[in-house]
Amino acid sequence: MYMVRAFFAVELTDDIRNQFYAVQDILRNSDAKLTCVDPPLTHITMKFLGDVSDDVMHSVQETMS
């Protein structure tokens, strides 16, 4: 059975992403312990579903559409 990490997320506008990256640059040079995200993957996770099987994912997709 194939599993996929699933979540509901909101994509960010380019303007918000650019502001986010400016803050990341500041934090990179600090003592903060963080992992920076690749720019195209930046989003706001609303609900993390975890590892979901194909059939459950299909049901989730149908429900959301």
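No value in this document is a laboratory result; all are computed from the given coordinates. All values reported here derive from a predicted model rather than from experimental measurement. Glycine also receives a Cβ, built like all others from the backbone with ideal geometry; neighbour counts cover every protein chain displayed.
Length available on full extension from residue 3 to residue 51: 0.36 nm per residue minus the Cα-Cα distance, which gives 16.7 nm.
Taken about its Cα centre, the chain carries a charge dipole of roughly 240 debye when the Cβ of each Lys and Arg holds +1 and the Cβ of each Asp and Glu holds -1.
Compared with the alpha-carbon gap, the fully stretched path from residue 17 to residue 37 is longer by 6.1 nm at 0.36 nm per residue.
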